[in-house]
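Worksheet: the structure to be examined is printed underneath.
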Amino acid sequence: MSRGQMSQEKEQLYKSKLKEALSAGVSVLKSGGLAIDAVEFAVRILEDSPLFNAGKGSVFTHEGKHEMDACIMDGLGRKAGAVAGIYGVRNPISLARLVMEKSGHVILCSQGAMEFAKKMDVVFEPESYFYDELRFKQWQQALQEGIVQLDHSPLDEKKFGTVGAVARDIQGNLAAATSTGGMTNKQFGRVGDSPIPGAGNYANNNTCAVSCTGSGEYFIRGVVAYDVSCLIEYKGLSLKEACEEVIQKRVLNLGGDGGLIAVSPEGDLSLVFNTEGMYRAFHDASGQEAVEIYKD
């Protein structure tokens, strides 16, 4: 993502939606609610928007479908739930939470996850709900070029990405949630880092909550979200130091790019990325708040 790829009007649409999602999560926390509720509600708003590659705005697979992945994790007891390769589900993050709370498992995928979704009576939408003209054009371009690509494809008007949220509640509990439509033109049931606890999403009340975005294969290989936690737990690094080490050194050394958002048990925040920009928003315990896109 580089400056000037979108009009100011389009950027304001993104900022407005980020602000809406942020306000939803903050409202939960200010009322004494749980971090796990805050991250779910924030991500649901982003999933319901066609602006992002998650839920309604998910990219097209090679077969012209929308296969979505999501993970949610509670830092209290390190409970987690995830889904991969699902379709037609309006809010994958809520299905992931049901996996955590109702299934007795951590990750459900493909047809089994769909059967579970129907059993849980989640909201389904028709295929037309997930259709987006720009995503369709991205898919057509990828088909012509014979490539699989991240959602930020070389079109004149850009749309980005995987969505996520992290939070700390008044009880000191941490939580993280991540949701994505994956890569344009993906094949063979490809699954990225987003639904894998420890890779694209992680929460531990003793260390941090992390949600990642970027080149998923590299984030899986680097076990990025858990790597941040490990550096805090075993090496004594601060949240900022751990996030900088992982994103600015380790991921780059593997050949990947991307970023993450993270929060510590003390309420410290880190929003770090090794690209020119990353859509992000935060609200801290002092009341400071910001919605940003680029590095400066």
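Kindly indicate the residue of segment 16-55 that is of a type in the set (K, R) and farther than 21 Å from G81 by Cβ and also surrounded by the fewest Cβ atoms within 10 Å (Cβ to Cβ) among those meeting that condition.
Keep residues of segment 16-55 that are of a type in the set (K, R), which gives 17, 19, 30, 44.
Adding the requirement that they be farther than 21 Å from G81 by Cβ leaves 17, 19, 30.
Values: K17: 21, K19: 15, K30: 12.
Taking the candidates together, the pick is K30.
Considering only residues of segment 184-197 that are within 13 Å of the chain's Cα centre (by Cα) and outside any strand (DSSP E or B), which is surrounded by the most Cβ atoms within 10 Å (Cβ to Cβ)? Walk me through it before giving the result.
At the first step, the residues of segment 184-197 found to be within 13 Å of the chain's Cα centre (by Cα) are 192-197.
Filter again for outside any strand (DSSP E or B), leaving 192-196.
Values: G192: 27, D193: 30, S194: 32, P195: 34, I196: 26.
Out of the qualifying residues, it is P195.
Of the candidates I93, I72, the single residue that is at pLDDT 95 or above, in a helix (DSSP H, G or I) and on the phi < 0 side of the Ramachandran plot is I93. Screening G64 against (1) over 23 Å from G182 (Cα atoms); (2) in contact with a helix residue (DSSP H, G or I) (Cβ under 9 Å, 6 or more places away or on another chain); (3) in a loop (DSSP other than H, G, I, E, B); (4) among the small types (G, A, S) leaves a single unmet condition, (1). Take K295 and decide whether it is surrounded by fewer than 21 Cβ atoms within 10 Å (Cβ to Cβ), modelled with pLDDT of 95 or more and not aromatic (F, W, Y). Considered against the rule, which asks whether it is surrounded by fewer than 21 Cβ atoms within 10 Å (Cβ to Cβ), modelled with pLDDT of 95 or more and not aromatic (F, W, Y), K295 comes out as no. In this structure, does A242 turn out to be crowded, with 20+ Cβ neighbours inside 10 Å, farther than 26 Å from I170 by Cβ and free of Cβ contacts under 8 Å to residues at least 60 places away in the same chain? It is false that A242 is crowded, with 20+ Cβ neighbours inside 10 Å, farther than 26 Å from I170 by Cβ and free of Cβ contacts under 8 Å to residues at least 60 places away in the same chain.
Scanning segment 198-213 for residues that are outside any strand (DSSP E or B) and more than 10 Å from the chain's Cα centre (by Cα) turns up G198, A199, N205, N206, T207.
Put simply, of E292, E217, E241, E276 the only residue that is of a type in the set (D, E, K, R), out of contact with any His (no Cβ under 7 Å at 6 or more places or on another chain) and more than 27 Å from F52 (Cα to Cα) is E241.
Screening G172 on (1) part of a loop (DSSP other than H, G, I, E, B); (2) at pLDDT below 85; (3) of a type in the set (G, A, S) shows it passes everything except condition (2). For G85, the stated conditions hold: it is touching a residue at least 60 places away in the same chain (Cβ under 8 Å), surrounded by 18 or more Cβ atoms within 10 Å (Cβ to Cβ), of a type in the set (G, A, S) and in a strand (DSSP E or B). Take the conditions (1) assigned to a helix (DSSP H, G or I); (2) of a type in the set (V, I, T); (3) in contact with a helix residue (DSSP H, G or I) (Cβ under 7 Å, 6 or more places away or on another chain); I247 misses just one of them, which is (3).
So which of G258, G267 is surrounded by fewer than 17 Cβ atoms within 10 Å (Cβ to Cβ), of a type outside the set (D, E, K, R) and either touching an Asp or Glu at 6+ places or on another chain (Cβ under 9 Å) or within 23 Å of M73 (Cα to Cα) (or both)? Explain how you work it out, then say what you get.
Working: G258 fails: surrounded by fewer than 17 Cβ atoms within 10 Å (Cβ to Cβ).
On inspection, the qualifying residue turns out to be G267.
Being touching a residue at least 12 places away in the same chain (Cβ under 8 Å), on the phi < 0 side of the Ramachandran plot and small (G, A, S): is that true of G214 here? Against the criterion (touching a residue at least 12 places away in the same chain (Cβ under 8 Å), on the phi < 0 side of the Ramachandran plot and small (G, A, S)), G214 does not qualify. Taken as a whole, segment 58-70 holds at least one residue that is under 28 Å from P265 (Cα atoms) and surrounded by 18 or more Cβ atoms within 10 Å (Cβ to Cβ).
Within segment 114-158, the set of residues being at pLDDT 85 or above, surrounded by 12 or more Cβ atoms within 10 Å (Cβ to Cβ) and among the acidic types (D, E) comprises E125, D132. Applying the condition of being in a loop (DSSP other than H, G, I, E, B) and touching a residue at least 24 places away in the same chain (Cβ under 8 Å) to segment 271-284 and asking which residue is farthest from S211 (Cα to Cα) yields E276.
The values are calculated or read from the model by the stated rules, or taken from the named source; none is laboratory data. Every value quoted in this text rests on a predicted model; they were computed, and no experiment measured them. Counting neighbours? That spans all protein chains shown, and the Cβs are built from the backbone with ideal geometry, glycine included.
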